[in-house]
Amino acid sequence: MTDDKLRAPVTSFVCFDIETTGLNPQRDRVIEIGAVKVKDKKIVEYFSELIDPGMKLSPLITNLTGISDDMLRDADREEQVVKRFIDFTEDYAVIGHNIMFDYSFIKTAAERIHSGFEKKGIDTLELCKKLHGDLESRSLESMCRYYNINNERAHRAYEDAKATVMLYVNLCNAFFQNSPKVFEPKQLIYKVKKVQFITKKQKNYLLDLLKYHNIDIVQPIDNLTQSEASKWIDEIILNHGRMK
């Protein structure tokens, strides 16, 4: 529950956070979405789902998030979970810490499933940069320490979303009266890059090469771009030879 005395231009919103396989919205995939829906200053609904990304996680991601391949094995795929999340957000504004990172992944995923995701939003990281110029770090972890916000499971989407709600509340209560303009939601703009993915001919030839040379790979071939597929094929032929 948020503060009944909260003064802010947006008192109904969805605060969300994601965990991903990497940093590139085109190449990498979302593995977890966590969100909190606030209506008229009250938390009314939650969203927390894991996603099977169709690829193995790197040790770095598992160590950072605590999410393992086993945890994702029975999870739904991107198309199902992202659709449910888009429905969950309705026409609410969204809030996040470094929100363009999260928004870029959801927007890209939405385009892959032929859906839209146009939102106005508030970035608590940008708020912290403007309102807390005195602080060395404005990461979510640092801001939670500053405002004594409990976030025991940092780098898990749902817990980070809850912590971001409380950060937003604290920022509003501390600064809104004197700096109302910085709290206005802005249209989030992210243009999804058009990526030419691997062709059917490239895929079949690459699979034949891998099988012929008995090469195992972790990354799903379907995620390769045409240029990446060509590079893989050239490197395999250079290092292992052509098929006879």
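Exposure proxy for I113, I99: other Cβ atoms within 10 Å of each Cβ, ordered fewest to most, give I113, I99. With a simple spin-label model that places each label point 7 Å from the Cα along the Cα-to-Cβ direction, the separation between D70 and H213 comes to 3.4 nm. In the elastic network of the chain, a GNM with C-alpha springs shorter than 10 Å, the most mobile of Y92, Y103, Y212 is Y212.
Considering all C-alpha pairs of region 122-243, those separated by over 26 Å amount to 52%.
Pairs with C-alpha atoms separated by more than 18 Å, drawn from the list K39/K120; K107/K191; K119/K191; K120/K193; K83/K200; K39/K162, are K120/K193; K83/K200.
Counting only whole DSSP H helices of the chain, the ones at least 24 Å long by C-alpha along their axis and with mean Kyte-Doolittle hydropathy no lower than -0.5 are 157-175. The slack between S137 and E90, meaning 0.36 nm per residue of separation minus the straight C-alpha distance, is 13.6 nm. For region 21-102, the list of GluC sites (Glu not before Pro) that fall in a loop by DSSP and count at most 12 other C-beta atoms within 10 angstrom reads E90. For region 150-208, the share of alpha carbon pairs falling in successive 10 Å distance bins from zero is 17, 21, 23, 16, 14, 8, 1 percent. Going by neighbour counts of Cβ atoms within 10 Å, the residues F13, F101, F47 line up, fewest first, as F101, F47, F13. The Cα center of region 122-190 and the Cα center of region 206-242 differ in position by 44 Å.
The Rg/Rh ratio of region 51-168, with both radii computed over alpha carbons and Rh defined as the Kirkwood radius, is 0.99. Packing, as the average of other Cβ atoms within 10 Å across residues, places the peptides 187-200, 18-31 in the order 18-31, 187-200, highest first.
Inter-label distance, F175 to K194: 3.9 nm, where each label sits 7 Å from its Cα along the C-beta direction. Taking I217, I67, I95 in turn, the Gaussian network model of the chain (Cα-Cα springs below 10 Å) assigns the largest fluctuation to I217. The coefficient of translational diffusion for region 200-240, derived via Stokes-Einstein from the alpha carbon Kirkwood radius under 4 °C and 1.567 mPa s, stands at 126 µm²/s. In the chain, inverting the average of 1/r over every pair of distinct C-alpha atoms gives 19.8 Å as the Kirkwood radius.
Computed from the coordinates by the stated procedures, all read-outs in this text should not be read as laboratory data. What you are looking at is a predicted structure, and each value in this text was computed from that prediction instead of being measured. Note that each Cβ is placed from the backbone with ideal geometry, even for glycine, and that neighbours are counted across all protein chains shown.
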